Amino acid sequence: MKGLLSLCFLLTVLTVNAQDLGKYQWQNRLLVILSYQENNPMIEKQLRELTSQQQALEERRLLTVVMTPEKYKLASEENKWVAGSNYSSYQSGKVFEVLLIGLDGQIKQRESGIFTAGKLISIIDSMPMRQAEIRGY
């Protein structure tokens, strides 16, 4: 019985951690940076690329998430890693990948290199929900 309770607790903790990104659905668009290692230089390169258009990306309600197989964090929260991630449900086997996830929680674009800020803005601005935001709905 004790083993069963421990297993239930462990599954609950893992499920809660894996579902954390779901709390942003309908609130924020997400740019998810996937990397096998947290010290991958491509992560820093991607984050630097975004700083050139940070205000424009904030206006588009874009949050950046860095995710490894074991943990994730919001890029704006320097060292606040959260244990657990749903990395395996997003990754496609590449060492580094960047995903744009829409307000509806669906993957809108997948890049295996650096996602330029200009390309992000262009893709987001072409989305129907962003068009409605621009029109003031």
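The values are calculated or read from the model by the stated rules, or taken from the named source; none is laboratory data. Quick caveat: nothing in here was measured; it's all calculated off a predicted structure. Cβ: placed from backbone, ideal geometry, glycine included. Neighbour counts: every protein chain shown. The protein model used for the area step is the full one, side chains on, heavy atoms only, and it has no ligands, DNA or RNA in it. Shrake-Rupley method; radii C 1.70, N 1.55, O 1.52, S 1.80 Å.
Points worth noting:
- Hits among aspartates and glutamates - C-alpha to C-alpha of Lys71 under 13 Å, sequence gap 8 or more where chains match: Asp20, Glu38
- Solvent exposure of region 38-137, expressed per residue, is 55 Å² of accessible area, with all protein chains present and a 1.4 angstrom probe.
- Within region 8-137: Cβ-based charge dipole about Cα centre, in debye rounded to nearest 20 (Lys, Arg +1; Asp, Glu -1): 220 debye
- For Gln109, the residues whose amide H sits under 5 Å from its own are Leu100, ignoring neighbours fewer than 5 places away on the same chain, with H placed 1.01 Å from N.
- 0 to 90° range, to nearest 10: angle between helix 41-51 axis and the chain longest Cα axis: 40 degrees
- Of the solvent-accessible surface of the chain, computed with a 1.4 Å probe over protein heavy atoms with every protein chain present, carbon and sulfur atoms account for 54 percent.
- Each Cα pair under 8 Å and six or more residues apart adds its sequence gap; the mean of these over the residue count of the chain is a relative contact order of 28 percent.
- The chain: translational diffusion in µm²/s, Stokes-Einstein, Kirkwood Rh over Cα pairs, 10 °C, 1.306 mPa s: 100 µm²/s
- When the chain is treated as a GNM with alpha-carbon contacts under 10 Å, the residue of Asn40, Asn28, Asn86 showing the greatest mean-square fluctuation is Asn40.
- Only lysines eight or more places from Lys73 in sequence, or on another chain, were considered; those with a Cα closer than 17 Å are Lys23, Lys45.
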